Amino acid sequence: MASIQAPAAADNVDPIYEWLDDGASYLLRLDLPGFKKEDFRVHVDGEGRLTVIGHRKPTPGGGDGKALRLHKTFQLPNTANLDTITGRFDSNVLTLTVPKLPAVAGAAAPAPQAMEEARVAGDKAADQEDKQAQETGERVAKAAEERTTSLTARSKEAEDVKKAKPTAAAAPPQPSEKSRGDHQDDDKARADHREKVSREATRRIEAARARVAEAKAKAERERQCEHWKERAMEEGMKLADAVSKKKEVIATAVAAFTLGVFVSSRLFSRN
């Protein structure tokens, strides 16, 4: 029974090429070593894209005859006549002749080589932008993943702590009988001490209130004593003033009486 071998993977070929301009036509030359004329074909679409497609089958028996694959696209200028393209294959070189349109034959036009280089440069720039965008997206995704992992870890840690707290509270160490007795004695001693302190504080408060009341009574007595002194002094002054006035009246009366007696005696002596 014959064995079936899997077809060998084909190598993609990126051929060396050049563009020439002879005034009336554009010439595209591609170096295709290892290919035969029947291994490739040329296709041009309505947008002016010229595509060379080739495929060389592997040579039986191995050696250097491995499978080759070719797929290369070129953008033709607007001045190219897409209907009259011709080609020839000679000494592993494919030469494609692309005539110019009659109205622009001999006139200056953008070289296909420059156009191709510009297209390649644009493709590279687009690839570079895509690569940068992909790298940026990967960094953002990685940062988001790290953040999500961190939040998940924190949430799990908080949940573990939350679960651990009720467990610790639910199973406190059971005190022994001696410890409970000592604890009760301590509570009683603290209660007695608080009661003693409360009684002492009440006694001091009552004593302070008594001292304040006594001081107020003493001040009131002193105030009344001062008031009576002032009244006594005022009454004494009034009495002294009255006595002084009476003394003057008495003295006047005595003087009048004495004068009357003197006058009477003189009158009686004359008679």
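Each value in this text was obtained by applying a stated rule to the coordinates, not by laboratory testing. No experiment lies behind these values; they were computed from the predicted model shown. Neighbour counts run over all protein chains shown; Cβ positions are idealised from the backbone, glycine included.
Tabulated data
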read-out	value
Within straight-line cross-link reach of Lys156, lysines at Cα separation under 28 Å, skipping those fewer than 8 residues along the same chain	Lys142, Lys165
Length released on extending from Lys37 to Ser150, taking residue separation times 0.36 nm less the Cα-Cα span	34.4 nm
Full-stretch length increase - Thr59, Val140 - with 0.36 nm per residue and alpha-carbon distance subtracted	24.3 nm
Spatially proximal lysines relative to Lys36 (Cα-Cα < 22 Å; intrachain offsets below 8 disregarded)	Lys57, Lys66, Lys72
Nearest-20 debye value, the stretch 10-99 charge dipole, Cβ charges on Lys, Arg, Asp, Glu	400
Sequence-distant lysines (8 or more away, or on other chains) whose Cα lies within less than 25 Å of Lys245	Lys229
Extension gain, Val197 back to Ala121 (0.36 nm per residue minus Cα-Cα distance, nm)	17.7 nm
Within-13-Å neighbourhood charge of Glu206 [Cβ basis; K, R +1; D, E -1]	+3
Residue-count net charge about Leu32 - beta-carbon cut-off 14 Å; Lys, Arg +1, Asp, Glu -1	+1
Over the stretch 188-246 - Rg/Rh using Cα atoms and the Kirkwood inverse-distance radius	1.62
Cα centroid of the stretch 69-100 to Cα centroid of the stretch 202-265, whole Å	150
Computed E for Leu82/Glu159 - FRET, C-beta separation, R0 45 angstrom, nearest 0.05	0.05
Approximate spin-label separation Gln75-Lys247, in nm, with each point projected 7 Å along Cα-to-Cβ	14.6
Net charge of Cβ neighbours under 14 Å - reference Ser150; Lys, Arg +1; Asp, Glu -1	+1
Rough spin-label spacing in nm, given labels placed 7 Å along Cα→Cβ, for Val261 and Asn12	17.1
